[in-house]
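Participant: Before anything else, here's the structure in question.
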Amino acid sequence: MLWALNERRNEMADAGKVEQLRDEVIGIRPVYSETGNATDIILKDGRVVRERRVLNSVVKALAASYAIDLKAQRRNLREKLGRKGVLPFYLGEGRVFVPLKMRQAVTEGDSVYGYIDMSYMGQPRAGTGRECLIPLANGSELQVLSAQSTVLGAQHSGWAALAALEPNKGDGDARQEQVMEAAQILAAAMVEIIEQLKRIELSLVE
């Protein structure tokens, strides 16, 4: 089940508005509700608030509440990072939300990626198959439809986006250390995958 575990759901969840909660938001994920596509907002204190709007509308509203032009920011990031596809987005003050696959699409055009503030993400743990478990700083645990190496790659992109958009922000050594740690774990994961492929190949030969 693709949910944050141990979450405390707001009694007035369906009345939630991301603009009112903007400083408390650490995650946004697409969900299917009784009325169709909706969005869950994960908050610092562990609550999860339901938005009736679809994920793209919620992301745009959150950015607009900080007077951020997402289209301009994405163009800037594509140029600086040399990447296309789904990109992180930045809200200022070190808040970078990285994209992670959180559900399977039911119909064409459904959003499958949600976003998590990378500063609230713990070390991802491999799950079964291509799933991964991510502990959050609020005590919840999020299951995503991505391998551990993919999550680490998303975090690396987040650090690169932060470096591009906040080049003069302090604590650069700490950031570099986190990036190096992520790179080491990613390398270890790749080694493990290679070893598994070798074992499969040997078993087929035998």
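Participant: Grab the beta carbon distance between ALA67 and LYS44, set R0 = 30 Å, and tell me the FRET efficiency rounded to 0.05. Walk me through the numbers on the way to the answer.
Facilitator: On the way: r = 22 Å, r/R0 = 0.73.
E(calc), rounded to 0.05, equals 0.85.
Participant: Further, regarding this structure: For segment 85-140 and segment 57-75, what is the centre-to-centre distance using only Cα atoms, to the nearest Å?
Facilitator: Taking the Cα centre of each part, segment 85-140 and segment 57-75 sit 18 Å apart.
Participant: Under a plain spin-label model, where a point goes 7 Å from the Cα along Cα-to-Cβ, how far apart in nm are ARG125 and GLU34?
Facilitator: Using points 7 Å along Cα→Cβ, the separation is 3.5 nm.
Participant: For ASP110 and LYS84, calculate 0.36 nm times their separation in residues minus their Cα-Cα distance, and state this gained length in nm to one decimal.
Facilitator: 7.4 nm
Participant: On to the next question. Rounded, prolate or oblate, given the Cα gyration tensor of segment 88-146, with a/c below 1.5 counting as rounded?
Facilitator: In terms of gyration-tensor shape, oblate.
Rule-based calculations on the coordinates, nothing more; no lab input. In this text, all values refer to a predicted model and were calculated from it rather than measured experimentally. Neighbour counts are summed over all protein chains in view; Cβ atoms, including those assigned to glycine, are modelled from backbone coordinates with ideal geometry.
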